[in-house]
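The values are calculated or read from the model by the stated rules, or taken from the named source; none is laboratory data. This one's a predicted model, so the numbers in the text were calculated from it and none came from an experiment. We place every Cβ from the backbone using ideal geometry, glycine too, and count neighbours over all the protein chains shown. Ligands, DNA and RNA are excluded from the accessible area calculation, which covers all protein heavy atoms including side chains. Shrake-Rupley method; radii C 1.70, N 1.55, O 1.52, S 1.80 Å.
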Amino acid sequence: MATAVVVGSGPNGLAAGLTLAAAGVEVRILEMADRLGGGTRSSELTLPGLIHDECSAAHPLALDTPFSRQFDLTAHGLTWRWPEVQYSHPLDGGGGAAAWRSVEATAEALGGKDGKRWQSIFGTLTNRFDKIASEIVQPVLHGPTHPIAMGIFGAFSGMPVSVLARAWSTDEGKALFAGVAAHAFRPFGAPMSSAVGVTLGTAAHRYGWPVAEGGSSAISGAMIRLLEQHGASFETGVEVTSLDEVSGADIVMLDVAPSAAARIAGDKMPRRVARAYNKYRHGPGSFKVEFAVQDGVPWTHEPTRLAGTVHVGGGLAEIAAAEKATSRGQMPDHPYVLVCQQSVADPTRANGDVHPLYAYAHVPSGFTGDATAQIEAQIERFAPGFRDRILGRHVRSAVQMAEHNVNYLGGDVVTGANDPRQMVFRPRMTLSPYSAGIPGVYICSAATPPGAGAHGMCGYNAANAALKHLGVETAASTRAEGEPVHGW
Ligand SMILES: Cc1cc2nc3c(=O)[nH]c(=O)nc-3n(C[C@H](O)[C@H](O)[C@H](O)COP(=O)(O)OP(=O)(O)OC[C@H]3O[C@@H](n4cnc5c(N)ncnc54)[C@H](O)[C@@H]3O)c2cc1C
């Protein structure tokens, strides 16, 4: 029986382990933290009984992938819950904009020309999103099976946000796109800076932005249950510092950042690979605060009260300035803040009238300051009275974020800058992005295609490359492409 060691138990490490174990490989997972799950951990961080997602919260890209089709996590304890409004964007004066599952409802709420533009751009993309998604979960360099859909997707994605946002003329239309585009952690003038916003914006209409019932740890929990069924073993509190510690395994999967992979491999790694891994670029950081909030957040903009995710930062120009500043290493006075109100989608997350709220500001890489007051001021600006409802806080600075998970260098929670080169070639320029340059050794973290998110696709793709190396066949899928999962 072939053997594999997986270093790191984030969703990609677990997905890699599961894909290997299901194909008959004996899998051992080593995790340096005291708990499994990496970016899908959820914990009581503020008040007893209130569960907070430490990292991932909304999962638009986890629903219909080759991984989710092969491993039905919803049959093993994972239940997806959708908010009524997928994401929203409050503006000064009590107005704002919101994205519903329905493109039509979103367009109607925007109204006028802007509504028509939303319909024409996101309607066109949503109708083709199954095809687009099947391409973008693979490394970018492959022969496309859906060239027309990809051509349309590429035309929008290739634009800087500042250019694509001209499609809308009102503050609401521009802000709605700016808010989702800012997930990329990129300056809005940069080429391809629209790609993440176009993807997540379309996914909101096709799949929604669901949260995992009870907390994101339900995602890793389901994977762990399946891994146990396949006989995998786990050890926590074990930091792997050298490949010598895992010698003997036929396959080593590294769910780590590229620079860490180079360190672990040492002089076993070809110099050109190590050089490329050490040159891999990381993006700005995040400063995160969990709140326990009495009766939820009193947003003035009504649809925002129904939203799972709220983009806080004012209009397009203000967010553009904030994103430009953080990418240049400067802390803006009014940062872009990403807020999740999980209990709106999943009422089991509230403890009576007390709701968990998660908010993180984009900050410069390695930012050592305290952004708590700025985060609270940004929320208070659109929800007067918010501060008076705070019953508890848990703060994690950009520096602490990197301590919490060593893959988040400088607080970079997406494990790598989304610049054009790294969007096409990550973690290095090669046709075999998962190969660490050593036979049997693979990198499978979010630094590999298709990039950040708790979707497991980096791990799944890396494991399939390893199975090919072993000459072992992958197990079959349990669900057809596009076949709805429960509650979809
Ligand atoms: C604040 C925040 C918000 C986010 N929001 C979302 C969201 O809403 N939706 C979404 O889909 N994604 C979100 N993400 C991103 C998502 O969590 C990550 O992209 C995802 O977890 C990456 O998975 P991974 O398996 O590559 O690595 P990780 O989840 O980072 O896990 C890597 C694991 O490897 C371990 N490890 C590293 N080095 C070693 C070593 N040498 N030895 C042993 N163990 C090691 C680490 O301790 C860690 O547990 C968010 C992340 C953060 C931090």
Hey, can you tell me all the residues within segment 341-373 that are more than 20 Å from Leu409 (Cβ to Cβ) and either assigned to a strand (DSSP E or B) or of a type in the set (A, V, I, L, M) (or both)?
-> Val344, Ala345, Ala350, Asn351, Val354, His355, Pro356, Leu357, Tyr358, Ala359, Ala373
Taking segment 445-469 as the region of interest, how many residues are open to solvent by 10 Å² or more (accessible area, probe 1.4 Å), part of a loop (DSSP other than H, G, I, E, B) and either of a type in the set (Gly, Ala, Ser) or closer than 15 Å to Gly8 by Cβ (or both)?
-> 4
List pairs: first in segment 271-284 and within 9 Å of Arg428 (Cβ to Cβ) and touching a residue at least 12 places away in the same chain (Cβ under 8 Å), second open to solvent by 100 Å² or more (accessible area, probe 1.4 Å) and among the aliphatic types (A, V, I, L, M), Cβ under 8 Å, 6+ apart or cross-chain?
-> Ala276/Met429
Among the residues of segment 52-109, how many are of a type in the set (A, V, I, L, M, F, W, C), closer than 24 Å to Gly314 by Cα and away from the ligand (no atom under 14 Å from the Cβ)?
-> 10
Looking at this structure, is Ala276 surrounded by 12 or more Cβ atoms within 10 Å (Cβ to Cβ), more than 25 Å from the chain's Cα centre (by Cα) and among the aliphatic types (A, V, I, L, M)?
-> no
Gly38 is checked against (1) modelled with pLDDT of 95 or more; (2) more than 27 Å from Glu473 (Cβ to Cβ); (3) open to solvent by 20 Å² or more (accessible area, probe 1.4 Å) and fails just one. What number does that condition carry?
-> (3)
For Thr199, state whether it is open to solvent by 10 Å² or more (accessible area, probe 1.4 Å), at pLDDT 95 or above and within 15 Å of the chain's Cα centre (by Cα).
-> yes
Could you please find all residues in segment 204-230 being under 18 Å from Met1 (Cα atoms), in contact (Cβ under 8 Å) with a residue 60 or more places away in the chain and open to solvent by 60 Å² or more (accessible area, probe 1.4 Å)?
-> His230
Output for segment 315-360, where each listed residue is open to solvent by 20 Å² or more (accessible area, probe 1.4 Å) and among the small types (Gly, Ala, Ser) = Gly315, Ala317, Ala320, Ala321, Ser327, Gly329, Ala350, Gly352
Within segment 65-81, residues within 19 Å of Gly215 (Cβ to Cβ) and either surrounded by 21 or more Cβ atoms within 10 Å (Cβ to Cβ) or in contact with a helix residue (DSSP H, G or I) (Cβ under 6 Å, 6 or more places away or on another chain) (or both) come out as Ser68, Leu73, His76, Gly77, Leu78, Trp80, Arg81
Which is crowded, with 20+ Cβ neighbours inside 10 Å and within 30 Å of Arg428 (Cα to Cα), of Val413, Val312, Val399?
-> Val413
With the condition kept exactly as written, say whether any residue in segment 46-57 is not in a loop (DSSP other than H, G, I, E, B) and not aliphatic (A, V, I, L, M).
-> yes
Restricting the search to segment 104-149, which residues are surrounded by 16 or more Cβ atoms within 10 Å (Cβ to Cβ), of a type in the set (Ser, Thr, Tyr) and over 28 Å from His301 (Cβ atoms)?
-> Ser134
Do we have Tyr442 as buried (at least 22 other Cβ atoms within 10 Å of the Cβ), part of a strand (DSSP E or B) and within 13 Å of the ligand (Cβ to nearest atom) here?
-> yes
Counted residues, segment 18-33 - those being open to solvent by 10 Å² or more (accessible area, probe 1.4 Å) and either more than 21 Å from Asp412 (Cα to Cα) or in a helix (DSSP H, G or I) (or both) = 5
Check whether at least one residue in segment 421-431 is more than 13 Å from the ligand (Cβ to nearest atom), surrounded by 22 or more Cβ atoms within 10 Å (Cβ to Cβ) and assigned to a helix (DSSP H, G or I), and report yes or no.
-> yes
Tell me, yes or no, whether segment 19-26 has at least one residue that is in contact with a helix residue (DSSP H, G or I) (Cβ under 9 Å, 6 or more places away or on another chain), over 13 Å from Cys458 (Cα atoms), within 11 Å of the ligand (Cβ to nearest atom) and not basic (Lys, Arg).
-> no
Being in a loop (DSSP other than H, G, I, E, B), touching a Lys or Arg at 6+ places or on another chain (Cβ under 8 Å) and closer than 24 Å to Val293 by Cβ is the filter here, so list the residues in segment 61-93 that pass it.
-> Trp82
Checking Ala292 against (1) open to solvent by 10 Å² or more (accessible area, probe 1.4 Å); (2) over 30 Å from Thr170 (Cβ atoms), which test does it fail?
-> (1)
Within segment 248-267, tally of residues that are away from the ligand (no atom under 15 Å from the Cβ) and open to solvent by 30 Å² or more (accessible area, probe 1.4 Å) | 3
Which numbered condition Glu44 fails, given (1) without any contact (Cβ under 8 Å) to a residue 60 or more places away in the chain; (2) open to solvent by less than 20 Å² (accessible area, probe 1.4 Å) | (2)
Pull up segment 2-18, narrow it to residues that are in contact with a Phe, Trp or Tyr (Cβ under 8 Å, 6 or more places away or on another chain) and over 17 Å from His59 (Cα atoms), then point me to the one that is nearest to the ligand (Cβ to nearest atom).
-> Ser9
